[in-house]
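Novice: There's a structure below that I have some questions on.
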Amino acid sequence: MSHTAELIAVGTELLLGNIANTNAQTLSQSLSALGVNVFWHTVVGDNPQRLREALDIARRRADILITTGGLGPTYDDLTKQTICEAFGKPLILHPDILEDIRTFYESALHVPMPENNTQQAELPEGCVVFDNPVGTAPGCAFESEGVHVLMLPGPPHEMETMLRRHVEPYLRKLSHEVIVSQDIMTFGMGESSVDELLHEKMAHMTNPTLATYAKPCEVRLRATAKAPTENEARAMLAPVWEMVYKTLGDIVYSGDGGDLAECCHGHLIRRNMTLATAESCTGGLVAERMTAIPGASGVYRGGVVSYWTSVKADLLHVPQDILDTYGPVSAECARAMAEGVRTLTGADLGVSVTGVAGPDPDERGVPVGVVYIGLATPEGTFCRALDLGRRRRDRIQGLSANHAFDVVRRYLQGLPVEQI
């Protein structure tokens, strides 16, 4: 039997935008892996009437309701009370849970338990109790008229701990299918172009399915299959990967969801090669993303952020006649920067980025969005010229960094470097 879930997050602070509803993302990912369909996310403030209305709607369209938040000791924490009224369940005080809460205060917080915490030990009659080893609010689950209701605390670290310890085992007993997703990463083509090439195939897919998602500066394809076992689901995804690669070609760079930096890291390890970076308009973004990867020290030698023209000349030894004749934003300068950082660090490869991120043209009148990526290799030096248009500054920087990684990964894979 296939189950359908609705997630209901309770908290006025969510509606006001004071905090992000990260619990919904965590829960949806977990439920998907368990074979539970999540069709609705609802957010409601700390208002019993509106929560009751949300519950009345949710119970008519889903057989699993999961709430987060509203289990605290304060006057506006009314999730349990409202749910119990909606489902006709009396609240029962659990002395053992009350003692656990009291012990938590005295042992972990070294203060006496406030009396209003007593209401956290009151739970629906006949429910399955979810203990909370990292907080004071226990969760619970019960079934009523074919609907499973699960109540979880709002703080993400408490919710996630309870999810792993209690919710996943509880739901695993209900579902007889698993859902497996595979993220296929692409770079070098916009979402609309990718969709156009794959639209006919995607439109006729039911299980597995395939959908496009635009990420900042690249496009992700998510293939999803549902089957009785994980191995069966993964076997169903293999032909999807083959179809996507056959259709899109070498703009596909990963089938495991890793980004371009991680892709380059893997190829550098396999080729036993090292990399160094010279950056101008990206201000160290390429180096930052590279060094965020565990084990980067095995392949990444170092980098130079040569924002001033004088630094390009003095540290990277970009010839002055190149700077005078062509300017710091030029193919000639990008090549010289890549060669300079390769020599400076002794790396096998040197990649460079120089361009105009905006909001204004540079002192030579080079327009916003003009970027050059240089790559110095043992076989010679290459350059990719880009016109990214008048985008936001951070978007130009992000795209430029991705192009730098794309140039490196293409070289390492034996693909054309200068053009996509």
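Novice: Rounded to the nearest 500 deg cm²/dmol, what is the calculated helix-only ellipticity per residue at 222 nm for the chain, with -39500 (n - 2.57) per DSSP H run of length n ≥ 4?
Specialist: That calculation yields -11500 deg cm²/dmol at 222 nm.
Novice: Sticking with this one: Restricting to the chain, what percent of DSSP beta bridges are antiparallel, rounded to 5?
Specialist: Around 60 percent of the beta bridges assigned by DSSP in the chain are antiparallel ones.
Novice: State the answer as a single residue: which of TYR372, GLY389, THR354 lies farthest towards the positive end of the charge dipole of region 315-420, with beta carbon charges of +1 for Lys and Arg and -1 for Asp and Glu, about the Cα centre.
Specialist: GLY389
Novice: Between THR247 and ARG50, what is 0.36 nm times their sequence separation minus the Cα-Cα distance? Round to one decimal in nm.
Specialist: Value of the extension gain: 66.1 nm.
Novice: Could you calculate the FRET efficiency of HIS157 with LEU109 from 1/(1 + (r/R0)^6), where r is the beta carbon distance between them and R0 is 22 Å, rounded to 0.05?
Specialist: Between HIS157 and LEU109 the formula returns 0.90.
Novice: Still on this structure, I have one more. How much of the DSSP beta bridge set in region 182-319 is antiparallel, as a percent to the nearest 5?
Specialist: Rounded to the nearest five, the antiparallel share is 75 percent.
Novice: What size of dipole, in debye to the nearest 20, comes out for region 24-125 about its Cα centre when the only charges are +1 on Lys and Arg C-beta atoms and -1 on Asp and Glu C-beta atoms?
Specialist: 540
Novice: Multiply the residue separation of LEU15 and ALA33 by 0.36 nm, subtract the distance between their alpha-carbon atoms, and state the gained length in nm to one decimal.
Specialist: 3.7 nm
Novice: For ASP96 and GLU418 in one chain, what is 0.36 nm times their gap in residues minus the Cα-Cα distance, to one decimal in nm?
Specialist: Roughly 109.1 nm would be gained on extension.
Novice: Need one number: nm distance between label points at ASP183 and HIS317, each 7 Å from Cα along Cα→Cβ, rounded to one decimal.
Specialist: Modelled inter-label distance: 4.1 nm.
Novice: Given a 1.4 angstrom probe, what's the average accessible area per residue across the chain, in square angstrom?
Specialist: 46
Novice: In nm, to one decimal, how far is the modelled label at GLU363 from the one at SER297, with both set 7 Å along Cα→Cβ?
Specialist: Inter-label distance under the simple model: 3.9 nm.
Novice: What do you get for trypsin sites (Lys or Arg not before Pro) in region 156-237 restricted to DSSP loop and a cutoff of at most 16 other Cβ within 10 Å of the site's Cβ?
Specialist: Here the trypsin sites (Lys or Arg not before Pro) that fit, given the DSSP loop and packing criteria, are LYS173.
Novice: Sequence gap at least 6, Cα distance under 8 Å: using those rules, report the relative contact order of the chain to the nearest whole percent.
Specialist: 11
Novice: Could I ask something else about it? Which Cα, out of LEU285, ILE184, ILE251, lies furthest along the positive dipole direction of the chain (beta carbon charges, K/R +1, D/E -1)?
Specialist: ILE251
Novice: Given Cβ point charges of +1 (Lys, Arg) and -1 (Asp, Glu) and nothing else, what value in debye, to the nearest 20, does the dipole of the chain about its Cα centre take?
Specialist: With only Lys, Arg, Asp and Glu charged at Cβ, the dipole is about 880 debye.
Novice: Among the GluC sites (Glu not before Pro) in region 103-142, which ones are in a DSSP loop with at most 11 other Cβ atoms within 10 Å of the Cβ? Mind listing them?
Specialist: Listed in order of number, the matching sites are GLU125.
Novice: Another question, if that's okay. Using the charge dipole of the chain (Lys, Arg: +1 at Cβ; Asp, Glu: -1 at Cβ; taken about the Cα centre), state which of PRO124, HIS403, SER175 has its Cα farthest towards the positive end.
Specialist: The Cα lying farthest towards the positive end belongs to HIS403.
Novice: Could I ask something else about it? Anything over 28 Å Cα to Cα? Flag those among LYS89/LYS173; LYS215/LYS246; LYS173/LYS246; LYS215/LYS312; LYS173/LYS226, in the order listed.
Specialist: Exceeds cut-off: LYS173/LYS246; LYS215/LYS312.
Novice: With the full set of protein chains in place, find how many percent of the accessible area of the chain is carbon and sulfur; take the probe as 1.4 Å.
Specialist: In the chain, the share of accessible area belonging to carbon and sulfur is 51 percent.
The values are calculated or read from the model by the stated rules, or taken from the named source; none is laboratory data. Bear in mind that the values here come from a model prediction, so they are computed numbers and not experimental data. With ideal geometry, Cβ positions are generated from the backbone for all residues, glycine too; neighbour counts draw on all protein chains shown. These area figures cover heavy atoms from the full protein model, side chains too; ligands, DNA and RNA do not enter into them. Shrake-Rupley method; radii C 1.70, N 1.55, O 1.52, S 1.80 Å.
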